[in-house]
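Starting off with a structure, shown below.
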Amino acid sequence: MDWAQILVIILAIFLAIFLLLAIILTVLLIKVTKQIKSVTGTAARTADNLEKTIAGFSAVASPALAFKTLMKFIKKRKK
């Protein structure tokens, strides 16, 4: 067996190892991408719910603030 054949065998083994590692890493990358997509969706839903809650609170808070200001003005006029 001459040196060229030994070199080809060694290179073929390394190529097979790197190919196997590439396949494993690709599968892991796909799993991580799915998890990131899930987390992003959850964060978007949470932000939407928070936005709706704040909008509802501001709709109630504005009339209450106006009423409070009006009551202060009336109390000052009575004095």
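Could you name the lysines in cross-link range of K78, using Cα to Cα under 25 Å and dropping any fewer than eight places away on the same chain?
Cα-Cα hits under 25 Å: K68.
Which is farthest toward the positive dipole end of the chain among F14, W3, L25, measuring Cα position about the Cα centre, with Cβ charges +1 (Lys, Arg) and -1 (Asp, Glu)?
With unit charges placed on the Cβ atoms, the residue in question is L25.
How big is the dipole moment of region 38-79 about its Cα centre under a simple scheme where the beta carbon of each Lys and Arg is +1, that of each Asp and Glu is -1, and everything else is neutral? Debye, nearest 20, please. Spell out each step's value before the answer.
On the way: 9 positive and 2 negative charges, 162 e Å.
Roughly 780 debye for region 38-79.
Placing +1 at every Lys and Arg Cβ and -1 at every Asp and Glu Cβ, with all other atoms neutral, what dipole size does the chain have around its Cα centre, in debye to the nearest 20? Could you put the intermediate results ahead of the total?
Numbers: 12 positive and 3 negative charges, 369 e Å.
With only Lys, Arg, Asp and Glu charged at Cβ, the dipole is about 1780 debye.
Sticking with this structure for a sec: Quote the convex hull volume per residue of region 38-79, based on C-alpha atoms, as a whole number of Å³. Numbers along the way, then the final one.
Numbers: hull volume 1.6 nm³, N = 42.
Spelled out: Cα convex hull of region 38-79, divided by residues, is 38 Å³.
Give me the number: length gained by fully extending A12 to R45, i.e. 0.36 nm times residue separation minus the C-alpha to C-alpha distance, one decimal in nm.
Working: separation 33, 0.36 × 33 = 11.88 nm, distance 4.97 nm.
The span from A12 to R45 would gain 6.9 nm if fully extended.
Determine the equivalent ellipsoid of the chain by diagonalising the alpha-carbon gyration tensor, then write out the semi-axes as square roots of 5 times the eigenvalues, largest first, rounded to whole Å. Don't skip to the answer; put the middle values down first.
Numbers: eigenvalues 1104, 24, 4 Å².
After scaling each eigenvalue by five and taking roots: 74, 11, 4 Å.
No lab work stands behind these numbers, since they all come straight from the coordinates. Source: prediction; values computed, not measured. Quick reminder, even Gly has a Cβ in these numbers, built from the backbone with ideal geometry, and neighbours come from all protein chains shown.
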